[in-house]
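Before any comments, here is the structure.
The values are calculated or read from the model by the stated rules, or taken from the named source; none is laboratory data. Computed from a predicted structure; not experimentally measured. When we count neighbours, we look across all protein chains shown, and the Cβ atoms used for this are built from the backbone with ideal geometry, even at glycine.
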Amino acid sequence: MTAIRLDCLGSGFAFSHGRDWSGFVLNGRILLDAPPQTLAALYRLGGAEAAVQLDLVLISHLHADHILGMDLLLLELEQGAVSALRGERPLAVAGPPGTYARLRGIVGRSDRLPARTDPRLVWLEDDAPSRFTWGDIDVERIELQHDPTLTAHGYRVRLDGGVVAYTGDTRSCPAIEVLAEGADVLIVECAGPPRAGAPATHLDWPEVYALRERLPARTRLLVTHYDRLAAPPADSLPRGMVLAEDGRSYPFD
Ligand SMILES: [Zn+2]
């Protein structure tokens, strides 16, 4: 039986280049980042039920392409067609410190973002390294190195007997391999090299290939947050490395 299923809501980097922005649903229950198209992509994935079934949202960092989808997702959950289906079951939202404040800044004073104390949402903001559980989901946070002006967290998730690690956005740093320890799947970003003269804030293709070489074969790489115009042909990739595509589902056993 397959322990892990990742549904790709989008695979694009910040500039998109025609892709939806990167985000995933893990085993139908955990949203890995909330790109702008989250609600529409959830409906395409599984209708209203895909939003209803979410138990946990993991926000890696507070750049727009990773968090703007929260506004309309929360509007739907609180006031839309699925609100009656969801009942009293709370949704947990984990992110770096400042996640709620950032969403409040996006939504303004509107009640489409409930008060921080509202029991329908549970805010799990913390520094890394740290660990929490939400029901049967076990989550470790590990700090990665992305934009020096903000905190970027990677997540290692244990659920249904599987281990999935997710980098969010990061440049090459030793913490990626710490994050990947024991993982069945590593979802890894590859937004490419920086502009000339600018410091690196993302992984590039040679770094992702080198990471594939260093990690054990049992850890499959699912590459996302990439520029499709600069990506290698999917059939040229080494064994154990898959390019994520918008709207596709990836079962791993
Ligand atoms: Zn970013």
Can you tell me which residue in the stretch 31-52 is nearest to residue 249 (Cα to Cα), limited to those that are charged (D, E, K, R) and more than 16 Å from the ligand (Cβ to nearest atom)? 44
When residues of the stretch 213-229 are limited to those that are β-branched (Val, Ile, Thr) and touching a helix residue (DSSP H, G or I) at 6+ places or on another chain (Cβ under 7 Å), the one farthest from residue 60 (Cα to Cα): 219
Being out of contact with any helix residue (DSSP H, G or I) (no Cβ under 8 Å at 6 or more places or on another chain), among the acidic types (Asp, Glu), within 28 Å of residue 11 (Cβ to Cβ) and crowded, with 18+ Cβ neighbours inside 10 Å is the requirement here; does residue 71 meet it? no
If you take the residues of the stretch 53-68 that are more than 14 Å from the ligand (Cβ to nearest atom) and closer than 28 Å to residue 191 by Cα, which of them is surrounded by the most Cβ atoms within 10 Å (Cβ to Cβ)? 58
Would you mention how many residues in the stretch 81-115 are out of contact with any strand residue (DSSP E or B) (no Cβ under 8 Å at 6 or more places or on another chain), surrounded by 11 or more Cβ atoms within 10 Å (Cβ to Cβ) and at positive phi? 0
Are any of the residues in the stretch 169-185 within 14 Å of the ligand (Cβ to nearest atom), under 28 Å from residue 133 (Cα atoms), among the hydroxyl-bearing types (Ser, Thr, Tyr) and in contact (Cβ under 8 Å) with a residue 60 or more places away in the chain? no
Only one of these is touching a Ser or Thr at 6+ places or on another chain (Cβ under 8 Å), β-branched (Val, Ile, Thr) and touching a residue at least 12 places away in the same chain (Cβ under 8 Å): 219, 224. Name it. 224
Would you point out the residue of the stretch 135-160, among those that are of a type in the set (Asp, Glu) and within 16 Å of the ligand (Cβ to nearest atom), that is surrounded by the fewest Cβ atoms within 10 Å (Cβ to Cβ)? 147
Given the residues 166, 100, 155, which is the only one that is farther than 19 Å from residue 25 by Cα and of a type in the set (Phe, Trp, Tyr)? 100
Is it the case that some residue within the stretch 21-35 is surrounded by fewer than 21 Cβ atoms within 10 Å (Cβ to Cβ), modelled with pLDDT of 95 or more and on the phi < 0 side of the Ramachandran plot? yes
When the residues of the stretch 36-52 are narrowed to those that are touching a Leu at 6+ places or on another chain (Cβ under 6 Å), at pLDDT 95 or above and more than 13 Å from residue 7 (Cβ to Cβ), which ends up surrounded by the fewest Cβ atoms within 10 Å (Cβ to Cβ)? 36
Are any residues in the stretch 57-91 small (Gly, Ala, Ser) and either touching a Lys or Arg at 6+ places or on another chain (Cβ under 6 Å) or in a helix (DSSP H, G or I) (or both), and if so, which ones? 64, 69, 83, 84
Go through the stretch 154-177 and count every residue that is out of contact with any Gly (no Cβ under 9 Å at 6 or more places or on another chain) and β-branched (Val, Ile, Thr). 2
Looking at the stretch 124-142, can you tell me whether even one residue there is of a type in the set (Ser, Thr, Tyr) and not in a strand (DSSP E or B)? no
